[in-house]
Amino acid sequence: MTDSRIPRFYQLSVAERLRELRDRGVLDDADFEALGTGSYILTAMKADQLTENVVGVFAMPMGLGLNFAINGRDYLVPMVVEEPSIIAAVSSAALIVRNAGGFTSTAEAPLIFGQVQVLDIRDPDAARSRILDAKQRILDRANSAHPNMVARGGGAIDVEVHLRGNSASNGQLLVVHLVVDSRDAMGANLVNTMCEAVAPLIEELSGGRVFLRILSNLTDRAMVRARAVIPAAHLATEHFSGADVRDGIIVAGEFAELDVYRATTHNKGIMNGIDAVAIATGNDWRAIEAAAHAHAASSGKYRPLTRWSADDDGNLVGEIELPLKVGTVGGQVQSNPAIRIAYNILGTRSAADLAEVMAAVGLAQNLAALKALSTEGIQPGHMRLHARSVAVAAGASDDDFDEVVERLVASGDIKVWKAQKIIEDLKGGATVTGTIDIAPLAATTVDPARNIGYGKIILLGEHSVVYGYRAVAAPLNLGIRAEVTGPADHNELVISGWDSDPAAHNPAGAELAARVAVLVSERLGVASTPVRVEVFPELPRASGLGASAALAVAVIRAMVHAFNLSVSEDEVSRLAFECEQLVHGTPSGVDNTVATFGRTILFQRVGDENRTSEVRMARPIPVVVGLTGVRSLTADTVGRVRAGWEKNPQHYEAIFSEIDDLVMTGVAALTTGDIRALGEVMNLNHGLLNALGVSSPELEALVDLARRSGALGAKLTGGGGGGAMIAVAEPDRIHSVANTLDVAGYQTYLTEIRSTTDDTVGT
Ligand code: MEV
């Protein structure tokens, strides 16, 4: 028998969870493979057979409710639901009940009935007698329409007649109920067919006119009742005694008894769980919802579906009662491969089993909600859960996990960067104050004699970074190398491969480059000994790939080595920043930092201070860099944004802040290696950059082509207005994206974002 208790399941990655389930024998090889590869997802072609005007399929998360012990048997309960906390909450409530002996749950016989509406009756009482006298004939007629159901032990079993009073224009309304045992089928189609089949006979017997023939969704012949008895001590929390929690739950239940507004929310919470199981098992959750709420109102007043009380021993007693006519066989189950897998995991043997599980899930869901609401409230639970997933994303170890979660919750700032900072602190690592120090930058391990400045791509956050918001940038495996080749009359830069265009003030053109050389030599104190520096660029200039900063770093390093100076990496970066000021006016500092350290960084400029931290990535992420062929000066686009910001600071700040959020989501995606999530935020960031006016028709065309060719995300990078675009895709797709761009005539570079470029540049 499956053990429904899987400690720390929530801490595993999806792949690890699948392996755990396979190892426990919950998944067979085929289901393991299907879940792992996504091959279980309904195809659009299949979907087209299920409903109309299909344009795609819509995916939802499927998780497992754990810890269920019902009628002495364990169940892992598949739940399809998008709302956070539902599955975690139901699992923890199920654990409380499990430790108290589990749920008892009882489903009535799986009956459903159809209604035949009869109008224009002359003598209603006589009609009713004739119909009831002919009950067997009616049942035989109904069953002849579905002999298979009779063979399975079910079929039409009873006929009832109800007189419902005068209708507006057709006399007394007579309604025949045809009661059917549909066994493990939900029974809707079966009942509808049977009602159609008996309609002529009902007309003949009643002398009236049959109008509607359709099942009733108020399935109150298929009631389910689940119960849990929990010793108060099992309910205790850190801050509340078990008796307090028990009494709180009872008071919360009374609120729903007395107030319809609360009863509605109370029942909604119950249906959170029941619907999630209904969807996973291919059941008609609209029918289940309709029945549940009709039942809740059956006394004439809308009431809660659960009751909570204390028994003589002080135990908390929870009970739920609702109609649940579900099916475990039939078209809906076969229609979707995910449903088949859900049944394999759940292991129910009949529709009655399933209904019993669903009622227990509803009761557990309500217990979780009332317990949370009557103690610390729902929100802290949400926060804690969120903190847990953030701690996982940040790579918290098993040992540190709980501590990281606690500190995250206490900080109120549940973000990946914060979790990483906490992990660093716990390790006794650098505790640089400030808000974004994920990990201090280590010195590069590149042989300094190679005098390289790294090119960079801004993955997220260009432009807003100039205004003190965060950006994430990565080094390219392309750089610029420089070498002092001898004395000269004046400091001179010789750049091979770049056309110099001083008239156009190109940022890395000869004139500006010469001014950079002068500045560097002055700052390094070697201006009195002019030299000739040769520069070997791999990077295109004026393309938003950080060529000017890379050039500055390369020149600085070349001079440092030629004059045998002792200069720290921080000083190299600072001096490159000064060069950037010469070239750009108001650089953020991100380019010179990446050009110097060659690491993927989260960057923020706060006042005069750079806050820089290294982003540690789960895996390298392949990137295509595409050049529009249109050169653009970052200084120009930065100026354009500034003009807009000055005119309309509020709207611009709102966009910057939105980008800042995307940056942090992107950092989380990099940390976990989630290329799809990274792609999504890149796409959004591109849209916002377009709103800032720094895209261009050429960039839009390139971004569009990259996305159409399979990129999961594409955006402009750097200053924009032309320059370069970056696109990410899964490793098996990236070549085809690059190829499409190549064929369309764009210059492309295939590269990888990794934590560091150590020893990959200039080799
Ligand atoms: C949220 O989806 C459900 C709850 O509001 C239910 C309740 O209040 O009982 C938490």
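The values are calculated or read from the model by the stated rules, or taken from the named source; none is laboratory data. Source: prediction; values computed, not measured. Positions of Cβ are backbone-derived with ideal geometry, glycine not excepted, and every protein chain shown enters the neighbour counts.
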If GLY546 meets every condition in (1) at negative phi; (2) under 46 Å from the mean Cα position of the chain (by Cα) apart from one, which number is that one?
(1)
Boolean, ARG209 is surrounded by fewer than 17 Cβ atoms within 10 Å (Cβ to Cβ) and closer than 23 Å to LYS135 by Cα:
yes
Considering only residues that are acidic (Asp, Glu), assigned to a helix (DSSP H, G or I) and over 18 Å from MET617 (Cα atoms), which ones fall in segment 404-429?
GLU406, ASP425
Being within 11 Å of the ligand (Cβ to nearest atom) and out of contact with any helix residue (DSSP H, G or I) (no Cβ under 9 Å at 6 or more places or on another chain) is the filter here; which residues of segment 262-297 pass it?
LYS268
If you go through ARG388, ARG349, the only one that is more than 16 Å from the ligand (Cβ to nearest atom), surrounded by fewer than 24 Cβ atoms within 10 Å (Cβ to Cβ) and touching a residue at least 24 places away in the same chain (Cβ under 8 Å) is ARG388
Within segment 641-653, identify whether any single residue is acidic (Asp, Glu) and within 36 Å of the chain's Cα centre (by Cα), and answer yes or no.
yes
Conditions (1) away from the ligand (no atom under 16 Å from the Cβ); (2) within 29 Å of the chain's Cα centre (by Cα); (3) buried (at least 23 other Cβ atoms within 10 Å of the Cβ) -> ALA368 fails only (1)
Please identify the pairs in which a residue from segment 519-544 that is within 30 Å of LEU699 (Cα to Cα) and in contact (Cβ under 8 Å) with a residue 60 or more places away in the chain has its Cβ atom under 7 Å from the Cβ atom of a residue that is among the aromatic types (Phe, Trp, Tyr) and assigned to a loop (DSSP other than H, G, I, E, B), counting only partners at least 6 apart or on another chain.
ARG541/TRP498
Test for VAL641: is it in a strand (DSSP E or B) and in contact with a Leu (Cβ under 8 Å, 6 or more places away or on another chain):
no
Tally the residues that are of a type outside the set (A, V, I, L, M) and within 16 Å of the ligand (Cβ to nearest atom), restricting the search to segment 56-95.
9
The listed residue being more than 16 Å from the ligand (Cβ to nearest atom), out of contact with any His (no Cβ under 7 Å at 6 or more places or on another chain) and farther than 30 Å from VAL667 by Cα, out of ILE320, ILE339:
ILE339
For segment 227-261, give me the residue count where each residue is within 23 Å of LEU324 (Cβ to Cβ), among the hydrophobic types (A, V, I, L, M, F, W, C) and more than 13 Å from the ligand (Cβ to nearest atom).
4
Being more than 18 Å from MET62 (Cβ to Cβ) and among the basic types (Lys, Arg) is the filter here, so list the residues in segment 3-33 that pass it.
ARG5, ARG8
Among the numbered criteria (1) surrounded by 23 or more Cβ atoms within 10 Å (Cβ to Cβ); (2) within 35 Å of the chain's Cα centre (by Cα); (3) part of a loop (DSSP other than H, G, I, E, B), which single criterion is violated by ASP591?
(3)
Considering (1) modelled with pLDDT of 80 or more; (2) in a strand (DSSP E or B); (3) surrounded by fewer than 24 Cβ atoms within 10 Å (Cβ to Cβ), say which one TYR469 fails and leave the rest.
(2)
Failed criterion for THR717 (all others in (1) over 15 Å from VAL623 (Cβ atoms); (2) in contact (Cβ under 8 Å) with a residue 40 or more places away in the chain; (3) touching a strand residue (DSSP E or B) at 6+ places or on another chain (Cβ under 8 Å) hold)
(1)
I need the full set of residues from segment 730-763 which are at pLDDT 75 or above and outside any helix (DSSP H, G or I), in order please.
GLU730, ALA744, GLY745, TYR746, GLN747, THR748, TYR749, LEU750, THR751, GLU752, ILE753, ARG754
Filter result for ALA669 (assigned to a helix (DSSP H, G or I), of a type in the set (Gly, Ala, Ser) and in contact (Cβ under 8 Å) with a residue 60 or more places away in the chain)
no
Return the residues of segment 262-280 that are under 21 Å from the mean Cα position of the chain (by Cα) and buried (at least 24 other Cβ atoms within 10 Å of the Cβ); say none if nothing qualifies.
GLY273, ASP275, ALA276, VAL277, ALA280
